[in-house]
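Here is the structure we will look at.
The values are calculated or read from the model by the stated rules, or taken from the named source; none is laboratory data. All values reported here derive from a predicted model rather than from experimental measurement. In this analysis, Cβ positions are derived from the backbone assuming ideal geometry, glycine residues included, and neighbour counts consider all displayed protein chains.
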Amino acid sequence: MASSEDASSRLALSNIEEIGPATEKRLKEAGFRSIRDLLVRGPVDIAEATGMETGESVEICNKARLMLEELGIIDKSFVTATSLYSRRRERISTGSKSFDDLLGGGLETKAVTEVYGEFGTGKTQLCHTLCVIVQQNKLAGGLDARALYIDTENTFRPERIVSIAEGRGFDPRRSLENVIVAKAYNSAHQELIIEEAGPVIEDNNIRLIIVDSAVAHYRAEFLGRATLSERQQRLNKFMHILVRIAETYEVAVLVTNQIQASPDAYFGDTVRATGGNVVAHTSTYRIHLKRSGKNRIARMVDSPYHAEREILFTLTERGISDANEGR
Ligand code: GTP
Ligand code: MG
């Protein structure tokens, strides 16, 4: 399509004056392909990849931001509340009408949503269901797009994609084709995958990124108090890259987080999301999943504009469903 070619030529690295052929080559070798990647990875990574001074990489990053503003891909630095209010928010249906209502119409693009809860509460099922629905057209709750699934716990199941698709009357073969899976073997690998995701997102029309789970590797690798600050730092960087990817590539990002029982019930809530405050503070929206007999409860937590409320849903062959559809 001519228009997407136009867009990709306008996003070429060489449109930035300071990026000569040698610098462009080094950036490409380090996985930067377009102006979007400059903004996603930031000045420190640019300096590392090219050996340039940070002053210069900051300048390059600023130019990248201005170009993306001009193209209307990201918000300008100073905007009226009206334009923020009317900005286009696209959504992906979760498969349950009440869950969609809780989110204000479905999982939002250009935002990072965290879903946390104990084992078996449906986090992974939600991830699989969204992967099937994002492929559908708008009427069916999707965005006619593909999903990128970053699997850190080895719990991605192609069989579930098939059964969810079949249960909803969608072509299972096509559904499998439209989910790109990246298995992350450790936290460093998980970071590498996300740093190099830009070209994959562009080439494959990805509008949904799943990270299931965002914190498992960090929790396993960084044990004890002594390593806590390094863990938080690394997780913080990872989460910030996700936020910038969500914004610059206009995708919806869903991360899962398991909770541990907290020994001090002093603050009332006996469970706490792991990853400390890092994931909580970086996510745009947070959803807490709990059991309620055979059903599940989803609660919107700490949202700046959603009412703090809960809804009931259920897990079926078709993935996430409304509680009254449960069998
Ligand atoms: P952890 O990753 O262990 O923290 O758990 P999770 O929150 O990711 O749980 P997950 O999404 O894997 O949910 C597992 C639950 O989903 C099971 O206990 C079942 O209740 C339900 N489930 C999974 N597959 C099916 C299915 O095909 N049919 C039905 N009815 N339920 C299913
Ligand atoms: Mg899981």
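Beta carbons closer than 6 Å, at least 6 apart along the sequence or on distinct chains, pair a first residue in segment 118-141 that is more than 16 Å from residue 103 (Cβ to Cβ) with a second that is in a helix (DSSP H, G or I) and within 14 Å of ligand 2 (Cβ to nearest atom) for 128/160. Note on segment 163-180: among residues that are without any contact (Cβ under 8 Å) to a residue 24 or more places away in the chain and under 22 Å from the mean Cα position of the chain (by Cα), the one that is surrounded by the fewest Cβ atoms within 10 Å (Cβ to Cβ) is 177.
No other residue among 126, 148 is buried (at least 21 other Cβ atoms within 10 Å of the Cβ), away from ligand 1 (no atom under 16 Å from the Cβ) and in the same structural domain as residue 250 (by TED's automatic domain parsing) apart from 148.
Assess whether residue 113 counts as being in contact (Cβ under 8 Å) with a residue 24 or more places away in the chain and closer than 19 Å to residue 179 by Cβ. Criteria met by residue 113.
Flag: residue 46 matches the condition of being among the β-branched types (Val, Ile, Thr) and within 25 Å of the chain's Cα centre (by Cα). Restricting segment 279-327 to residues that are assigned to a loop (DSSP other than H, G, I, E, B) and within 11 Å of ligand 1 (Cβ to nearest atom), the residue that is surrounded by the fewest Cβ atoms within 10 Å (Cβ to Cβ) is 327. Filtering segment 97-109 for residues that are closer than 18 Å to residue 300 by Cα, within 16 Å of ligand 1 (Cβ to nearest atom) and not in a strand (DSSP E or B) leaves a non-empty set. Taking the criterion of being without any contact (Cβ under 8 Å) to a residue 60 or more places away in the chain and either of a type in the set (A, V, I, L, M) or more than 13 Å from residue 184 (Cβ to Cβ) (or both), the residues of segment 211-224 that qualify are 219, 220, 222, 223, 224. Taking residues in segment 190-210 that are closer than 16 Å to residue 178 by Cβ and touching a residue at least 24 places away in the same chain (Cβ under 8 Å), and partners anywhere that are among the acidic types (Asp, Glu) and not in a helix (DSSP H, G or I), the pairs with Cβ atoms closer than 9 Å and at least 6 places apart or on different chains are 205/144; 207/90; 207/144; 207/250; 210/151. Among the residues making up segment 229-254, a single one is modelled with pLDDT of 95 or more, in a helix (DSSP H, G or I) and small (Gly, Ala, Ser): 246. Considered as a group, the residues in segment 81-96 that are more than 15 Å from ligand 1 (Cβ to nearest atom) and crowded, with 21+ Cβ neighbours inside 10 Å include one that is nearest to residue 254 (Cα to Cα), and that residue is 92.
Conditions tested, residue by residue: (1) within 16 Å of ligand 2 (Cβ to nearest atom); (2) assigned by TED's automatic domain parsing to the domain that holds residue 113; (3) more than 26 Å from residue 12 (Cα to Cα).
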{"site": "156", "(1), (2), (3)": "yes, yes, yes"}
{"site": "180", "(1), (2), (3)": "no, yes, no"}
{"site": "186", "(1), (2), (3)": "no, yes, yes"}
{"site": "189", "(1), (2), (3)": "no, yes, yes"}
{"site": "202", "(1), (2), (3)": "no, yes, no"}
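Going by the structure shown, is residue 108 away from ligand 2 (no atom under 16 Å from the Cβ), surrounded by 15 or more Cβ atoms within 10 Å (Cβ to Cβ) and modelled with pLDDT of 95 or more? The answer is yes for residue 108.
Considering each residue of segment 225-234 in turn, at least one proves to be of a type outside the set (Val, Ile, Thr), crowded, with 17+ Cβ neighbours inside 10 Å and without any contact (Cβ under 8 Å) to a residue 24 or more places away in the chain.
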